[in-house]
Amino acid sequence: MSDAAIKNQTDVEEPALLTYLGFLRRSLWLVTEGSLLYYAWMMALTAIALVGANAWAHQVADGMITTNMTDYVSWGLYIANFTFCEGLAVGGVLMVIAAYLYDDDDMHQVVFIGQAIAIAAIVMCTLFVTVDLGRPDRSWHLIPIIGKSNWPISMMTWDIVVLNGYLLLNLHIVGYLLYIRYRGKQPNPTWYIPFIYVSIGWAISIQTVTAFLYCGLGGRPFWNTALLAPRFLASTFVSGPAFIILVMRIMRVLGVYAAPPGPAQMLIRVIRIAMIINLIMMFSEFFTLFYAGGDHAVAGTYLFFGLHGHHALVPWIWTAVCCDILGTILFFLPGAMERGNIRIAACVLCIAGVWIEKGMGLIVPGFVPSTLHQLVEYLPSLSEWKVSTGIWAFGLMLITASLKLIINVLTGRLHQRPSRTRRRPPRSWLTQRLSR
Amino acid sequence: MTDQQTTISLPVLGEVSRRTAMKGAGATLGAAAFVAAIAPLRHLGESLTADEFMQRHYKELSAEDKRAVLARLEAETASEYGAEVRIGDLRPIPGTKFVYAINLSVCNGNGACVEACHRENNHDRATNQSYIRVLEMPKGTMDMEQGNTTYQHPVPADDRFYMPVQCQQCDEPPCVDVCPVEATWKEDDGIVVVDYNWCIGCRYCEAACPYHARRFNWKAPEVPAAEINPDQGYLSNRIRPQGVVEKCHYCLHRTRAGRLPACLEACPTGARVFGNILDPDSEVRWLLKNKRVFILKEHLGTQPAFFYFSDD
Ligand code: SF4
Ligand code: SF4
């Protein structure tokens, strides 16, 4: 009786802010807690991320001369990765569409995976842009009002706006749902359903804006094609879902979380269609480039066959083509619908294919030959690889930590402790848990 | 109830604090490793003054701000490069629109303009940077793919003509449109300029320019003190910081003071003509009216203020 009375009392007394801070504190504790394997994984990633941070620090101090970029090829591995990660962020929206627009129950259970990946991917995007800046100390110039935004003319300003908007949307949706679950309450639809719908449209717009970033440049014939935005979307719906399937498999193998079979199968059905569309568009691009020839064909020739003895990208792009085609064939095998190696191989191949085709295979030919038709090639420097790998490691850390947190909340392992224990010193909740 | 809890949790508390301690140690180690990893940034932090960091966009600077900024930059050049320079800030002359025209019949590809630009504009010595590239093209084609900018033989070669290319000061400049922070803009006399203290170095403008007119400072330029041109402008030839983009500015520190661009003065053939197109008596005006004139990549709609012509 008296306990209940105290509970009621504290429920009234404890301000929401405290509960929320408690949630954050306990989340932080949770993600720094785990098995030996977890520690080893996170520490390895930390080490890689630190190597990347170090390479970046040198780049900022000594100048971007540490990269292999030049005035001829002025964007490289960083922007290539940025483009790919943006696709990754958007890919998860498929799950959101299935879960919320089509009310797929199974999908509802796993939709958080897509959202967690989206959050990490956007953070990676931001980092890839930041490391590409010659003056990261001036990034505040990008902030509207404080800095000076060339809005709505510059597509990059648009991109920054939509990316950060998407990040906030996802943080809000995931954060809200988790927090409510943590408190053992029912989520209030008005607090998240509208945001879900907005986020769906938003995701599409992100890809479109990023494509516009390139295809809006009249001086770069290789990019200057209306097909770029649809191609981006199609390849996004390949790489995003494939990545999600891989993550789900890893979670199952580790015994952390066993997702129902439905969502993966649905994702594969989408990948099949998206990949076919992607290949058709690639072929159409190929045809237009080479049948008519002329200005537009030069960069394409360089990319696919090499030009005047320069062929740095040839092995890359044919690797991508092979990965894409092989991956697509594998996805169409009946075996892809079952849990097995075929599915995994198909996912890995398609991710690799899209990463090249949409990254190096898209960015670099935009600059080769240069606008005055000089042929200067580009392959990333060691420092660029270090920085990029570091960012990927950091992204994987984010994905791991956020998935761990989400799973613990969803399975009820992390929840608001009974209010009477709230008055105890901060660590008592764990004491209680451990003593159970 | 409370007593019971306390007794149970006592031994566990030890475990907890051990874990906390371990995590604390881990976090400290991680933080220390991070600080060590980004240590190269430290000396950068020392050289970046608060004034420089907080400096507003060129167009938002008051006259007083500008004076302070120019003085600071002069002092920086003195301490970093050991050269006494004067950095001015000439504004466009009302009623002026500068255009350039090049006589392709006369240009013989000797490259004096390239060299003059290199010296006038305090370009990095080691990379031999310049705002001008001269394309050597076979006679009978305008296809730049046949062009060559790295020719090393005596000029003029037979069956070749020479086409210098630099910033075309477009009237519809794509480089200005794409800049996310408005660090580059077109001034009233038609010159497209960059605020080197506002540019974030994203190089989007470099990707957007169809004439390969922009250069990025991949490292801080190195110029011996004795070779530094002391007559400098904030928006033109002052020594650029590392990590920002720059481009031809029609030597605005000279042309706005009534002088001619350095590349024109250096040209031994008289191929270069520069002037104010709004002035009815100017030579460029006469040329544009009477010669067969063309612009580069007209189909892109960039509307260059840079013309090519030939003697009939
Ligand atoms: S030539 Fe290039 S840099 Fe110069 S104004 Fe035109 S687009 Fe801008
Ligand atoms: S490099 Fe500088 S001038 Fe060019 S678009 Fe970026 S911020 Fe603007």
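The values are calculated or read from the model by the stated rules, or taken from the named source; none is laboratory data. Since this is a predicted model, take the numbers as computed values, not measurements. Cβ sites come from the backbone with ideal geometry, for glycine too, and all protein chains shown count toward neighbours. Accessible surface areas use protein heavy atoms only, side chains included; no ligands, DNA or RNA. Shrake-Rupley method; radii C 1.70, N 1.55, O 1.52, S 1.80 Å.
Below are the figures for this structure:
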item: Given A:Lys404/B:Lys23; A:Lys358/A:Lys386; B:Lys59/B:Lys291, the pairs whose alpha carbons are separated by over 27 Å; result: B:Lys59/B:Lys291
item: Debye intensity ratio I(q)/I(0), log10, the protein assembly as shown, q values 0.05, 0.11 Å⁻¹ (C-alpha model); result: -0.32, -1.22
item: Backbone N within the stretch B:81-117 under 20 Å of label point (7 Å from B:Asn128 Cα along the Cβ vector); result: B:108-117
item: Cα-based radius of gyration of the stretch A:197-241 once divided by 2.2 N^0.38 Å, which approximates compact folds; result: 1.22
item: Residue-span extension gain [B:Ser79 to B:Arg67] - 0.36 nm each, minus C-alpha spacing; result: 2.5 nm
item: For chain A, built as a Gaussian network whose Cα springs stay under 10 Å, the top-fluctuating residue of A:Gly63, A:Gly359, A:Gly147; result: A:Gly147
item: Karplus 3J(HN,Hα) series, Hz, for the stretch B:228-238 with 6.51 cos²θ - 1.76 cosθ + 1.60 (x for Gly, Pro); result: 6, 6, x, 8, 10, x, 4, 9, 10, 9, 4
item: Computed FRET value (nearest 0.05) for B:His299 with A:Ile276, which takes r as the C-beta separation and R₀ as 45 Å; result: 0.80
item: Whole-angstrom gap from the stretch B:208-262 to the stretch B:71-122, using each part's C-alpha centre; result: 6 Å
item: Between the stretch A:141-172 and the stretch A:113-135, the Cα center-to-center distance that results, in Å; result: 14 Å
item: MRE, 222 nm, helices only [DSSP H, n ≥ 4, -39500 (n - 2.57), over chain A, to nearest 500]; result: -23500 deg cm²/dmol
item: Hz values of 3J(HN,Hα) by residue in the stretch A:201-210 - Karplus curve (6.51, -1.76, 1.60), Gly and Pro given as x; result: x, 4, 4, 4, 5, 4, 4, 5, 4, 4
item: Mean projected area in nm² (Cα convex hull; one quarter of hull surface) for the stretch A:215-256; result: 3.7 nm²
item: Per-residue ³J(HN,Hα) for the stretch A:326-342, Karplus 6.51 cos²θ - 1.76 cosθ + 1.60, θ = phi - 60°, Hz, x for Gly and Pro; result: 4, x, 5, 4, 4, 4, 8, 5, x, x, 5, 6, 9, 6, x, 5, 4
item: Cα pair count fraction exceeding 44 Å, expressed as % - chain A; result: 16 percent
item: Computed FRET value (nearest 0.05) for B:Glu265 with A:Thr319, which takes r as the C-beta separation and R₀ as 51 Å; result: 0.45
item: Rounded, prolate or oblate (a/c below 1.5 giving rounded, otherwise prolate when a/b exceeds b/c) for the stretch B:98-310 by Cα gyration tensor; result: rounded
item: On Cα atoms only, tilt of A:155-182 relative to the major axis of chain A in degrees; result: 20 degrees
item: Listed pairs B:Lys97/B:Lys247; B:Lys139/B:Lys186; B:Lys247/B:Lys297 exceeding 23 Å between Cα atoms; result: B:Lys139/B:Lys186
item: Förster-model FRET efficiency, 45 Å R0, A:Tyr102 and A:Phe283, C-beta, rounded to 0.05; result: 0.90
item: Placed amide H near B:Glu182: partners under 5 Å, 5+ positions off or other chain; result: A:Asn150
item: Ranking by accessible area, most exposed first, for A:Met397, B:Met144 with a 1.4 Å probe; result: A:Met397, B:Met144
item: GluC sites (Glu not before Pro) within the stretch B:80-140: DSSP coil, no more than 13 neighbouring Cβ in 10 Å; result: B:Glu84
